[in-house]
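Presented below is the structure to which this report refers.
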Amino acid sequence: MYESLTKGLAIYRQKHTKSIYVRLRVDGKEIKRSLKTSDIDEAKSRAWALKFEYEGKLTAGLPIIESKEPMINTAIKQILVKIAQKKIKNTTYTDHKYVFENMMIPFFKRKPLSFLTTKNIRLYFERLELSKSRISIHKTCFKMIFEHLEEEELLKKSDFPNIPKIDTTEQIIRHSFLLPHLTVIDAGFDQYIERIVGKQAKTKEYRTTLKYYFKFLIETGVRPGKEVKHLKFSDFKCSTNDYNETVYSVLITKGKTARHIKQGRKITLTE
């Protein structure tokens, strides 16, 4: 899509994005930038406003194009705004937001876009100890930065820096709960629930739910999070074995299990 609005002013859309861009010529300089909208009428309005803004700068003797190189963190903050606007309550988006805010922004500080090289990306990863899943999240964040810069026409796809191969850290084997510990925790729930002062019904409901949630995890071995969240009553089965005994089981098909066992993970349950 390409539409000329007047001499030296046009709007267009590139194949790789839904956003509409403006091409503006002022004082012999060509300016191309995203109008941050996919609506044609809104794009036309913003294009005209931009034309008047730049012509006003020219009349006032102000520089039309800032010579200062854009900062990496400026791009990251713009991505964070996009994430917030999507309003998706998803753990993946939360992970991306955490990496951007707590890992990347402090690392890049006031570094310009020219600092975004393969070498510096390697140095970024070398200072961290990450599991395979964490590395994947960080790589996705870098790809989000590249794609954003391409959309803003600040970086060509052919100039994307490479993300080097990163070695994962060894998985830490966590200690198991001992039976005496589980007994103490289980025995303390009732006191924990009754300790509530006043008519805090919601708090009592949460603590009571926690008691049964704890028992459920211990009895089933289901992982907290997605494995529990996506469980359905139909996932629980009751059958008879070769000895005519009743056998209860649950089939886990979501969470980490889905990535490693396509047919799901079957857990035999106690009565």
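The values are calculated or read from the model by the stated rules, or taken from the named source; none is laboratory data. These numbers come from a predicted model, not from an experiment. Cβ: placed from backbone, ideal geometry, glycine included. Neighbour counts: every protein chain shown. Each accessible area value is taken on the protein alone, full model and side chains, heavy atoms only, with ligands, DNA and RNA left out. Shrake-Rupley method; radii C 1.70, N 1.55, O 1.52, S 1.80 Å.
Things worth noting here:
- Estimated distance in nm for a label pair at Ala201 and Thr17, the labels positioned 7 Å out from Cα along Cα-to-Cβ: 5.2
- Helical content of the chain, expressed as a calculated mean residue ellipticity at 222 nm, amounts to -14000 deg cm²/dmol (DSSP H runs of 4 or more residues, -39,500 (n - 2.57) each, divided by residue number, nearest 500).
- Here the simple spin-label model places points 7 Å from the Cα toward Cβ, and for His175 and Ser131 these points are separated by 1.9 nm.
- Accessible surface of the chain, 1.4 Å probe, proportion on carbon and sulfur as whole %: 53
- At R0 = 25 Å, FRET efficiency that the Cβ-Cβ distance of Asn120 and Tyr98 yields, to 0.05: 0.75
- Set against the 2.2 N^0.38 Å expectation for a compact globular protein, segment 14-60 has a Cα radius of gyration ratio of 1.21.
- Length-normalised contact order of segment 129-246 in % [C-alpha pairs under 8 Å, at least 6 apart]: 17
- Relative contact order for segment 1-145: 15 percent, from Cα pairs under 8 Å spaced at least 6 residues apart, divided by residue count.
- Across the chain, Cα pairs under 8 Å and at least six residues apart give a relative contact order of 9 percent.
- Across the alpha-carbon atoms of the chain, the computed radius of gyration and Dmax are 27.8, 93 angstrom.
- Computing FRET efficiency as 1/(1 + (r/R0)^6) for Lys82 and Asp167, where r is the C-beta to C-beta distance and R0 is 25 Å, gives about 0.20.
- The chain, dipole about Cα centre (Lys/Arg Cβ +1, Asp/Glu Cβ -1), debye to the nearest 20: 400
- Between segment 86-137 and segment 15-45, the alpha-carbon centres lie 29 Å apart.
- Database remark: amide H of Leu35 closer than 5 angstrom to the amide H of Ile20, Tyr21, Val22 (H placed geometrically; neighbours at sequence offset of 5 or more, or on other chains; Pro and chain starts carry no H).
- When each of Lys226/Lys266; Lys44/Lys97; Lys18/Lys229 is checked by Cα-Cα distance, pairs over 23 Å: Lys44/Lys97; Lys18/Lys229
- Solvent exposure of the chain, expressed per residue, is 71 Å² of accessible area, with all protein chains present and a 1.4 angstrom probe.
- Using 0.36 nm per residue and subtracting the Cα-Cα separation, the extra length available between Tyr243 and Ser4 on full extension is 78.0 nm.
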